[in-house]
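**Q** This is the structure I want to talk about, given as structure tokens.
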């Protein structure tokens, strides 16, 4: 049992990039480690380890800590996972991993590493990341709505239809055009969301796709969360976002949801004005987002 082992001498450890053979040890570490942060699913975690998008702290045959990066996009990536064995102090382990993680990111042409945790991981991990050179970039703020009032239905010429698998390429194009690189969602997120078929709709104007929106359902359908509203930048100001938001509220009402929620960046004042107009109110919850410039 680990409590009876001597603390590890970090001078006797090595830090390296992950290899496919590390998957089993990393999986065990995430199950057993007292300090862990996981913002991805198991499949994506293991793929990142196999592809060398992780750094490990090794002592003999044991992996005592691991830090995992997401798939880079346009020189940006996210810290997706981190786990630290109790035999090393979190601050010391992260200090060992940080330099190797920076080098790994540079090898993948990354210039910015982002982190957004949860309340539990933030308590111990955010101070360590701040000490390692991550700075507070923004907050993600949470809004909620109870009731189904719709102040306007938006552009009546906009046609809204369910998304289909063949729409994926257009959705990916829109996402890249509409959002900063750190907020773009990739095929691994958007393809399953389209296939789920709950609420993923396309907006068309004059036969052209001009936007999309999707939501997820939680707690047996009592809560519906708006994940995304995207409107082609060249088409903004034409009531398309209002149309999509009205469709979302209507969908939530028809399914019997009791609460509607959404997140947005603290600096996105334009979107927040729209949400407040629609009856969404801030909950006071804020999720800090950190960034490491390389």
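A quick yes/no check of all residues on (1) crowded, with 19+ Cβ neighbours inside 10 Å; (2) in the same structural domain as residue 104 (by TED's automatic domain parsing); (3) over 17 Å from residue 90 (Cα atoms):
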position: 26; (1), (2), (3): yes, yes, no
position: 31; (1), (2), (3): no, yes, no
position: 40; (1), (2), (3): no, yes, yes
position: 64; (1), (2), (3): yes, yes, no
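**Q** Given the criteria surrounded by fewer than 17 Cβ atoms within 10 Å (Cβ to Cβ), within 20 Å of residue 174 (Cβ to Cβ), touching a helix residue (DSSP H, G or I) at 6+ places or on another chain (Cβ under 6 Å) and in contact (Cβ under 8 Å) with a residue 24 or more places away in the chain, does residue 191 qualify?
**A** The answer is yes for residue 191.
**Q** Can you confirm whether residue 235 is without any contact (Cβ under 8 Å) to a residue 24 or more places away in the chain, under 19 Å from residue 177 (Cα atoms) and over 24 Å from the mean Cα position of the chain (by Cα)?
**A** no
The values are calculated or read from the model by the stated rules, or taken from the named source; none is laboratory data. This is a predicted model, so every value here is computed, not measured. Because the Cβ atoms are built from the backbone with ideal geometry, glycine has one as well, and the counts that use them run over all protein chains shown.
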